[in-house]
Every structure is written in structure tokens, then in C-alpha cells.
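Engineer: I'd like to ask you about the structure that follows.
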Amino acid sequence: MSASALTNLDRCCVHTMTTKPWSLDECVANYQKAGIPGITVWRNVLEGRPVQESGRVIADAGLRPVSLCRGGFFPAADEAGRQAAI
């Protein structure tokens, strides 16, 4: 792989969970500043704000929304463990 391929961020995406506890606005500003073109938004950063406003913030920054992640994973070896985690 060439050095230029390693520094090309055209297909890069960062999840908002990766930079927790940043707000959506902080994620958008910092990803844009770093030259990261894609964002996956976890639902927790949308709480308390209109979805349309969130979409506008992302679009105005020139970021490409890649996906919306629901969260809520409760891994455990058995049903009792999952229920305890919930």
C-alpha cells in the first residue's frame, strides 16, 4: 500500500461513541477540523434536540452521515446476565 493511500481519509468515518463524552456539535467541529469526512451518529447524542437540527449541523459542516447507531448492546453468556445488564 502506498503512503498516499495510508493518509487518504476520503472513506474515513468516526462514530460519535468513539469520542464520548463529546456532544454532537463537538464531534462535528472536531471531525471537520481533522479532515474526517464521515460521521456515524449514536442516538444518545441526539437526545434533547430536534433531528432536523442535528442533520443540518452535520450537513453544514460538510460531513457525510454514514449511519445511525442505536446502541443498547447487553452482551452476556446467558439470559440472566443480559437481564442483569439491562
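Engineer: Collect residues whose amide H, placed 1.01 Å from N in the peptide plane, falls under 5 Å from the amide H of Cys69; neighbours closer than 5 in sequence don't count.
Structural biologist: Under 5 Å from the amide H of Cys69: Val41, Trp42, Arg43.
Engineer: Related question: Near Asn44, within a Cβ-to-Cβ distance under 13 Å, what is the net charge of the other residues, with Lys and Arg +1 and Asp and Glu -1? Intermediate results must be reported in sequence, preceding the final value.
Structural biologist: Values: positive: Lys20, Arg43, Arg49, Arg70; negative: Glu47.
Charge balance near Asn44 sits at +3.
Engineer: Same structure, new question: Over the chain, with the other protein chains present, what is the accessible area per residue in square angstrom, probe 1.4 angstrom?
Structural biologist: In whole numbers, the chain has 70 Å² accessible per residue.
Engineer: Each residue of the stretch 23-37 in turn: what ³J(HN,Hα) in whole Hz from Karplus with 6.51, -1.76, 1.60 and θ = phi - 60°, glycine and Pro shown as x?
Structural biologist: 6, 4, 4, 5, 4, 4, 4, 6, 5, 4, 4, 7, x, 8, x
Engineer: Moving to a separate point now. For Ile86, project a label point 7 Å along Cα to C-beta. Then give me every residue of the stretch 35-76 with its amide nitrogen under 16 Å of that point.
Structural biologist: Residues 71-76 qualify, since their backbone N sits under 16 Å from the label point.
Engineer: Near the amide H of His15, under 5 Å away, which other amide H atoms are found, from residues 5 or more places off or on another chain, if H is placed in the peptide plane?
Structural biologist: So His15 has HN proximity to Thr40.
Engineer: Based solely on its DSSP helices, what 222 nm [θ] is calculated for the chain when runs of n ≥ 4 H residues each add -39,500 (n - 2.57) and the sum is averaged over all residues, nearest 500 deg cm²/dmol?
Structural biologist: Values: 4 runs with 33 residues, N = 86.
Value at 222 nm, helices only, nearest 500: -10500 deg cm²/dmol.
Engineer: Given charges of +1 on the Cβ of Lys and Arg and -1 on the Cβ of Asp and Glu, with all other atoms neutral, how large is the dipole of the chain about its Cα centre, in debye to the nearest 20? Intermediate values should be presented prior to the final figure.
Structural biologist: On the way: 9 positive and 8 negative charges, 23 e Å.
Charge dipole of the chain: 120 debye, to the nearest 20.
Engineer: From the square roots a ≥ b ≥ c of the eigenvalues of the alpha-carbon gyration tensor of the chain, which class results: rounded (a/c under 1.5), prolate (a/b over b/c), or oblate?
Structural biologist: oblate
Engineer: Right, here's the next one. Give me the percent of accessible area attributable to carbon and sulfur for the stretch 14-60, probe 1.4 angstrom.
Structural biologist: Values: 1490 of 2800 Å².
The value for the stretch 14-60 is 53 percent carbon and sulfur by accessible area.
Engineer: For the chain, take the longest principal axis of its alpha carbons; what is the angle in degrees between that and the long axis of helix 51-60, to the nearest 10 within 0 to 90?
Structural biologist: For 51-60 against the chain, the angle is about 30 degrees.
The values are calculated or read from the model by the stated rules, or taken from the named source; none is laboratory data. Treat the numbers as computed from the prediction; the structure is a model and nothing was measured. Counting neighbours? That spans all protein chains shown, and the Cβs are built from the backbone with ideal geometry, glycine included. The accessibility values were calculated without ligands, DNA or RNA, using every heavy atom of the protein model including side chains. Shrake-Rupley method; radii C 1.70, N 1.55, O 1.52, S 1.80 Å.
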